[in-house]
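The structure under discussion appears below in the form of structure tokens.
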Amino acid sequence: MSETDDLTSRCSEFDKIDTGLLSLVGLIGGYAFLIPSVSVITPLSPYNEKRVLQIAVLLAAGIIPLVSRSVRRRWISVFRGLPIVSRWGLGLVFGLGFLSSALAPAPFYAFLEVSHFTLLLVAAGGVAASVRCAPKLSEQVFLGVIVGGVALYVAYFTVAYGMHLAIAGIKIWPDGATNFGNIRFFNHYQTWTLPLLAGAFLAVPKKWRVLRGGVFTIFALWWALVLASEVRGTIVGMFVAALGVAFLFHRRASRWLLVQVTALLAGVALYYLLFSTGEPPAATERFQQIGKSGSRRLQLWQVSLEMLWANLWLGAGPMHFAWPPYQLTGLASPHSALMQWLAEWGLPSTLMMTGLTTWGGWCYIAQEQVRPAQREAPNVIGISLVASLLAAAAHSMVSGIIVAPLSQMCLVLVGGWAWGRYKHGDSGLIPEALSVRAQTVFCVMLVASVGGVGAGLHDLTTVEERREAFVEATDRTRLSPRYWTQGYLKLDDPSVMEQITEED
């Protein structure tokens, strides 16, 4: 296809996306592009700021389908395109979540998390609908968002590094400014984007040498920042992703793997150039840190299993790992998606969610395995998406990927993108065939979710009070994020403090 024909095809696809859907996807893409690097609400901490802006996007994701009949019908069509087992399974999972919330000690916060996850699903469905409407255009825009967001953070890092060199007392990244409350939240972002950077590099035509060189440069620096931040979860996730695509795609993944390894080697060189002091850290100290971190996670997972045993069928309630009478260990999440779901949502919901995720992921991967080659590279976008999802899934087993706001929005973008590429039977957009009942149920769900998530913004008025209550209750100054930076629930409530005292 010539460049003129390709441009005509993209313009034709653009005409198929109505204004409401375009606005929704634009907000999601804008968040993923800007928020890693740009701070727009400086009085708030980086974590709370990212959460507030995420809530704004999610509220828009709920309101736009309410007011736009076209968007609403497109979303329902995409959802109905899933296998009936998936639709009923998701309905049961969220139904059990609402039931667990009603019986939880702090039902408001439990409903808040279920509502939040509901709007994440709605936002992902919006991304999927845009991919169905305009597959080529969406692919190019989403790749641009990923590469542009990473490039913007590289510019942020470059300025911070230059200030470190020029001004005494400014610490080197990541000990200096990172625009993240904890460097591990930044590593979540890297886990989602590293696989897609390889796909973006391969998707750029070879004749565009300057653009390819720029993408590879930020790709290599991205690996250097992985090494500088001394993260293990991202490395484990990428190792699993590399093994996964090698097994699933065989030779077709060879170029993706080669680019990934080459960028890693270049990243190692950049790491020694930018960060090495010439004195490698003592191996004994490094192993002690790894041992302490692993021991702390095992303690959290033990608490999760104890909570599950005490609340086998419905769990302790969504977000209730952060309920102080249950535990006050220092972390408000168990740093494992599986353990978090077991403790908070119960065994039946976890089994259903695990089954749906595994089966749905396999069905999607099976389609990517047989998808025909595109351009000069064999389905590099599909391989990159599969790798991103595998890396994030592996990382989520040892970290709070499903908790942090930016990571959740990466899930919306990448997961929605994969959802849009998946087709089950005749799953085209058929908005005219939708019933009034289906739209009514969807609207009721949207109203409830928007109301629940919007009400959660009230916590911003008590940020300092909750921070002081945490310090007083725990004698610790380092906060434990969950929904907000201070993630534990109702520590400023005397009745809750009495329950903690009784448990002690």
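FYI, it's all coordinate maths here, none of it is from the lab. For clarity, every value in this text was computed on a predicted model and none was experimentally measured. Cβ coordinates were reconstructed from backbone atoms using ideal geometry, including for glycine residues, and neighbour counts include every protein chain displayed.
Based on the mean of other Cβ atoms within 10 Å per residue, sort peptides 462-473, 398-409, 46-57 so the most packed one is first.
So the peptides 462-473, 398-409, 46-57, ranked by packing, come out 398-409, 46-57, 462-473.
Only helices at least 30 Å long along their own axis, judged from Cα atoms, and with Kyte-Doolittle mean hydropathy of 1.0 or greater: name those in the chain from DSSP H.
Qualifying helices, which must be both long enough and hydrophobic enough, are 46-67, 107-133, 135-166.
What nm distance separates the two modelled labels at Ile183 and Trp359, each placed 7 Å from Cα along Cα→Cβ?
Calculated label separation equals 4.2 nm.
Ala455 to Thr42: extension gain in nm, 0.36 nm per residue of separation minus the Cα-Cα distance?
146.5 nm
Could you please state, rounded to a whole Å, how far the C-alpha centre of the range 464-480 is from the C-alpha centre of the range 399-414?
Between the Cα centre of the range 464-480 and that of the range 399-414, the gap is 25 Å.
So, with +1 on the Cβ of K and R and -1 on the Cβ of D and E, and no other charges, what is the size of the charge dipole of the range 15-503 about its Cα centre, to the nearest 20 debye?
In debye, rounded to 20, the range 15-503 gives about 2120.
Tell me, Tyr422, Tyr31 in order of fewest to most beta-carbon neighbours within 10 Å?
The fewest-first ordering by Cβ neighbours comes to Tyr422, Tyr31.
How large is the helix-only mean residue ellipticity at 222 nm for the chain, computed as the sum of -39500 (n - 2.57) over DSSP H runs with n ≥ 4, divided by its residue count, in deg cm²/dmol to the nearest 500?
The per-residue figure over the chain is -24500 deg cm²/dmol.
At 10 °C and 1.306 mPa s, what whole-number value in µm²/s does Stokes-Einstein give for the translational diffusion of the chain, with Rh from the Kirkwood sum over Cα pairs?
Approximately 67 µm²/s, per Stokes-Einstein.
For Leu66 and Gln367 in the same chain, what is the full-extension length gain: residue separation times 0.36 nm, less their Cα-Cα distance, in nm?
Taking 0.36 nm per residue and subtracting the Cα distance, the gain is 105.1 nm.
What FRET efficiency would be calculated for the residue pair Ala473, Trp88, taking the C-beta separation as r and a Förster radius of 45 Å, to the nearest 0.05?
Once the sixth-power term is evaluated, E becomes 0.60.
May I ask you to sort His395, His250, His320 by Cβ crowding, counting other Cβ atoms within 10 Å and putting the fewest first?
Ranking His395, His250, His320 by Cβ neighbours within 10 Å, fewest first, gives His250, His320, His395.
Which whole-angstrom value gives the distance between the alpha carbon centres of the range 157-190 and the range 199-218?
26 Å
Which chymotrypsin sites (Phe, Trp or Tyr not before Pro) does the range 312-392 hold that lie in a coil by DSSP with at most 13 other beta carbons within 10 Å?
Trp313
Assuming a strict under-25 Å limit between Cα atoms, what lysine pair count do you get for the range 15-503 once near-sequence pairs (fewer than 8 apart, same chain) are dropped?
For the range 15-503, the number of qualifying lysine pairs is 7.
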